[in-house]
Amino acid sequence: MKKLKHFISQSFIGGVLVIAPIIILLLGLRWAVNSVQSLIAPLTGPLVRLTGAPPLAIDVLVIALILFSCFMVGTIVATSAGRWIQNFIDAHLARFAPGYRLIRDIIQQMFGANSNSPFTKGEAAVVQLYGTQSPARATAIITSRHSNGWFTVFVPTGPNPTSGFVYHLPPECVEPRPDIKLDAAFKSIISCGAGSAELGIITPSAK
């Protein structure tokens with residue numbers, strides 16, 4: 001009887017572990033599609049009424065046009081004239097919309113467009129936030145090195161590595177880990193620390 005109960009419970013849990021991620025993925029895709037459709041509704045609505053085409057076809061057309069527009073703007077901005085226009089627009093938008101510059105900087109950091117973005121230019125490290133006497137350690141990204149030897153580090157929070165805390169630490173509390181790639185460190189953070197042993201987070205690197 002116990003074996004039968006164990007078999008049933010294990011089969012049920014195994015099925016949940018397989019089906020649940022698929023359902024969550026489908027729900028996420030549904031939410032994303034609905035969000036995109038809501039955003040582009042002011043453009044697609046008039047086109048559907050004007051052309052009589054299926055709404056899905058208009059949605060695909062509008063999304064393709066938006067992506068093409070992003071490509072064209074990116075191409076123009078890569079030129080000297082385009083950079084001048086961008087700087088001109090940035091200066092005026094920052095004057096009339098104070099939150100614009102903050103939003104722009106966040107997006108540039110997330111997508112690595114900023115040359116100082118920790119997501120592309122940072123260096124993995126293991127830090128002791130509470131001093132060398134504390135055994136607690138945290139995975140961090142070195143974002144700046146100072147002339148006095150101190151470090152500025154970003155400690156991401158799992159499972160969302162785009163949020164976290166900034167600390168300024170003395171060199172004895174920071175162990176740079178060039179042997180750990182950034183993408184591997186972020187993967188460990190996203191999985192809430194799983195895989196830290198394989199990365200050798202706790203094991204000191206070879207000096």
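Values in this text are rule-based calculations from the coordinates and carry no lab data. The shown structure was predicted, so the numbers you read here are calculated from the model rather than taken from an experiment. Glycine also receives a Cβ, built like all others from the backbone with ideal geometry; neighbour counts cover every protein chain displayed.
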Please name whichever of Ala97, Pro135, Phe71 sits farthest to the positive end of the charge dipole of the chain, dipole taken about the Cα centre and charges placed at Cβ: Lys and Arg +1, Asp and Glu -1. Pro135
Can you give the extra length, in nm with one decimal, that the chain gains between Arg101 and Ser147 once fully stretched, where that is 0.36 nm per residue apart less the Cα-Cα distance? 13.7 nm
Whole-Hz ³J(HN,Hα) for each residue in the stretch 24-41, computed from phi via Karplus 6.51 cos²θ - 1.76 cosθ + 1.60 with θ = phi - 60°, x for glycine and proline: what do you get? 4, 5, 5, 5, x, 5, 5, 5, 5, 5, 4, 5, 5, 4, 5, 5, 8, 4
Just the number: Rg to Rh for the stretch 118-199, Cα atoms, Kirkwood Rh, two decimals. 0.94
Taking R0 as 41 Å and r as the Cβ-Cβ distance between Val155 and Leu61, the FRET efficiency 1/(1 + (r/R0)^6), rounded to the nearest 0.05, comes to 0.40
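About its Cα centre, what dipole magnitude does the chain give when the only charges are +1 on Lys and Arg Cβ and -1 on Asp and Glu Cβ, stated in debye to the nearest 20?
Using only the charged Cβ atoms, the result is roughly 420 debye.
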Row for the chain, column shape: gyration tensor on C-alpha, a ≥ b ≥ c, rounded if a/c < 1.5 i.e. under 1.5, prolate if a/b over b/c, else oblate; value oblate
Between Ile13 and Ser134, 0.36 nm times their residue separation minus their Cα-Cα distance comes to what? 39.6 nm
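Multiply the residue separation of Ile23 and Arg83 by 0.36 nm, subtract the distance between their alpha-carbon atoms, and state the gained length in nm to one decimal.
Numbers: separation 60, 0.36 × 60 = 21.60 nm, distance 4.43 nm.
Working it through step by step, the gained length comes to 17.2 nm.
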Under the rule of -39500 (n - 2.57) per DSSP H run of 4 or more residues, summed and divided by the residues of the chain, what mean residue ellipticity at 222 nm is obtained, to the nearest 500 deg cm²/dmol? -19500 deg cm²/dmol
